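Below you'll find the structure, written out as structure tokens, and then a few comments.
Nothing in this text is a laboratory measurement; each read-out follows from the coordinates by a stated rule. Here the structure is a predicted model, which means the values were calculated and not measured. Backbone-built Cβ (ideal geometry, glycine too); neighbour counts: all protein chains shown.
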Amino acid sequence: MPTSENASAADTSANVFTVRKFNLWYGDHHALHNINMDIKEHSITALIGPSGCGKSTFIRNLNRMNDLIPGVKLEGSIKYNNEELVNSDIDVSKLRKEVGMVFQKPNPFPMSVYDNIAYGPRTHGVRNHAKLDALVSGSLKAAAIYEEVKDRMNSSALGLSGGQQQRLCIARALAVQPHVLLMDEPTSALDPISTGKIEELAMQLKEKYTIVIVTHNMQQALRISDYTAFFLLGDLIEFGPTEKIFSNPEDKRTEDYITGRFG
Amino acid sequence: MSISSTKRKIYKTTMLTLSNVCMAITVALVFFLVIYIFVKSIPYFTWELVSTSPSYLNDTIGVLPDIMNTIYIIFAALLMVLPMGVGTAIYLNEYSNRPRVEKVIEYCIETLAGIPSIIYGLVGMLVFCQFMGLQTSLLAGALTLMIMNLPTIIRTTQESLKTVPQSYREGAFGLGAAKWRVIRTVVLPSCIDGIVTGCILAVGRMMGESAALLFTAGFAHNLNGFFDAMNSAGATLTVALYVYAKEQGQFEVAFVIAAILMFMSLAINITASVLARRIQRRKEA
């Protein structure tokens, strides 16, 4: 796909994910067709497109969450750094430690704020109390929610507001010290103020992490992302630097979508 | 056609009267049963009767061994049925990805639930008492009760596993947790209420069971410690009730036992509703 090669030529920083000729089937339904994409380090890549276009399906391959869905068939190649993710026998637990995920609906566990954040580190064997304390407060600060929860570390996370819960989930993902953060429509269940906070947070976090975000909000993609990928009916129509996609798209369908003619 | 025709009024009154009569009969039956048992048992309710073993030398009767046997057998059966039932439910809901095998297993469980208890007794006697050589003993009885109550535990656990939001599992998997850790630390704690409900249902059924235990646990009224009791024959309250009433003609003792059983099932029901309310409140908080 010429557009993806253009994008990689324009930027010399390292690829975190290299996707080549990637196909996915749910049973007999061919859901993703021949996807090629390079995801750059310390950038925000936005996946946009109308509902059912395959953007959420795609992002879930980057940390092998599709393993949980029976009847999924994959073909092609997705390399994380230099490791093959497609149909390979890798340590999925280790991959997910490096490639964290934030979901569409805030999903804190029914535990205390502290235990939510400590869940990941404990999963990966951190037992030392001082170290856990440091990870918990560090992650909460990084997710810009520390001030709001510092006095209620031991009360249930389910008592927080939706926006707070989502930032808690971001903190929970950061606590395992990932390299990449996948965000699957992280603001679609939130009010505008909470959305603004999450967007600001994402832009701060890209200094340290690589972020891939699925969004159906084009303004959001335009505001925060460096690269944009436009999906339609399982095809990657266009991929490139965000300003180019939004100002001078090559494909007619991209133009129609971003100008609001459909979707 | 007039809207408030006389025919319609008569029809309405008749149906209302009929349903009121049905309700009255039901309530009257329940009250009659409860009051009858209390009236019959209260005159014989002595501390000695509920706190001693029967003695031929003193010619006294006591139901303490039967009370203890009931508690022992329920405890032992729960101890076995819980891990098996919860384990099966976890397998079916969380691990198995072969829908056809699941269907077959679930069909077997349904069937298991519908078999009359006396058949469990017969098979329990042949398999546990004779083939496995456990003789007539509380252990054989507890094993029989375990099999009888497996469906209850499996089904209630499955139901509550299904209510745990998929997003909890995804959240934990997304952090790199392995399957068993997700189940142990996120899924099971969120469905503990369903498991407790299943246990309470099972305890109620075990307490009321007599047919299967007539075959497997026996009729003895000896007071033993837990482990000795497991190895020896012993009557539970329901079996003792049958023996006292039918074979010894001691109806007053039978009625006292009936009253004790009623108290126990009342206690179980109250515990269940208190627990359910407490869990509900904790979830809303």
Problem set entry | Selected from B:Tyr36, B:Tyr72, B:Tyr242 as most flexible by GNM, with chain B as the system and alpha-carbon contacts under 10 Å | B:Tyr36
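Quote the FRET efficiency, to the nearest 0.05, computed for A:Lys94 versus A:Ser51 with a Förster distance R0 of 41 Å and r equal to the Cβ-Cβ distance.
On the way: r = 33 Å, r/R0 = 0.79.
With a Förster radius of 41 Å, E is 0.80.
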Exercise. By a straight-distance test (C-alpha under 17 Å), which lysines pair with A:Lys21 as possible cross-link partners, with residues fewer than eight away in the same chain excluded?
Worked result: A:Lys55, A:Lys73, A:Lys79
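Ignoring everything except DSSP H segments at least 4 long, calculate the 222 nm mean residue ellipticity for chain A; use -39,500 (n - 2.57) per segment, divide by total residues, nearest 500. Let's see the in-between values first.
On the way: 11 runs with 97 residues, N = 263.
About -10500 deg cm²/dmol.
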For this session: Taking the Cβ of each residue in B:Leu213, A:Leu32, B:Leu49 as the centre, tally the other Cβ atoms inside 10 Å and list the residues starting with the fewest.
Result: B:Leu49, A:Leu32, B:Leu213
Problem set entry | Computed helical MRE - 222 nm, chain B, DSSP H runs ≥ 4 contributing -39500 (n - 2.57), nearest 500 | -23000 deg cm²/dmol
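Averaged across the residues of B:173-186, what count of C-beta atoms belonging to other chains lies within 10 Å of each residue's C-beta?
Per residue, the average neighbour count from other chains is 6.
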Exercise. Short version: ³J(HN,Hα) in whole Hz for each residue of the range B:180-185, in order, from phi by Karplus 6.51 cos²θ - 1.76 cosθ + 1.60 (θ = phi - 60°), x for Gly and Pro, what are they?
Worked result: 5, 5, 4, 5, 5, 9
Exercise. What list of ³J(HN,Hα) values in whole Hz, one per residue of the range B:142-151 in order, does the Karplus curve 6.51 cos²θ - 1.76 cosθ + 1.60 (θ = phi - 60°) give from phi, with Gly and Pro shown as x?
Worked result: 5, 4, 5, 4, 4, 5, 4, 9, 3, x
Exercise. Setting aside same-chain residues fewer than 8 positions from A:Lys141, which lysines have a Cα under 16 Å from its Cα?
Worked result: A:Lys131, A:Lys150, A:Lys197, A:Lys206, A:Lys208
Exercise. If you look for lysine pairs in chain B that are eight or more places apart or on different chains, how many of them have Cα atoms under 21 Å apart?
Worked result: 4
Exercise. Straight-line reach from A:Lys105: which aspartates and glutamates have Cα under 12 Å away, leaving out those fewer than 8 places along the same chain?
Worked result: A:Asp184, A:Glu185, B:Glu170
Exercise. Which of A:Gln104, A:Gln165, A:Gln204 moves the most in a Gaussian network model of chain A with Cα springs under 10 Å?
Worked result: A:Gln204
Seminar exercise, completed: Largest fluctuation, A:Gly234, A:Gly71, A:Gly49 only, Gaussian network model of chain A with Cα springs under 10 angstrom, belongs to A:Gly71
Exercise. If you line up the long axis of helix A:192-205 against the longest principal axis of chain A, both from Cα atoms, how many degrees apart are they, to the nearest 10?
Worked result: 80
Seminar exercise, completed: A correct fewest-to-most ranking of A:Leu222, A:Leu68 by other Cβ atoms within 10 Å would be A:Leu68, A:Leu222
Exercise. On a 0 to 90 degree scale, rounded to 10, what angle separates helix A:129-142 from the longest Cα axis of chain A?
Worked result: 50
Exercise. Separation between the A:Asp256 and B:Met84 pseudo-spin-labels, each 7 Å from Cα along Cα→Cβ, expressed in nm?
Worked result: 6.3
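Using the 10 angstrom Cβ neighbour count as an exposure proxy, how do B:Lys179, A:Lys131 rank, fewest first? Write down the numbers at each step before the final one.
On the way: B:Lys179 15, A:Lys131 11.
Exposure proxy ranking, most exposed first: A:Lys131, B:Lys179.
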Problem set entry | Amide H contacts under 5 Å for A:Ser43, placed H, 5+ residues apart | A:Ile211
For this session: On a 0 to 90° scale, report how tilted helix A:162-174 is relative to the longest principal axis of chain A, with both axes built from alpha carbons and the result rounded to the nearest 10.
Result: 90
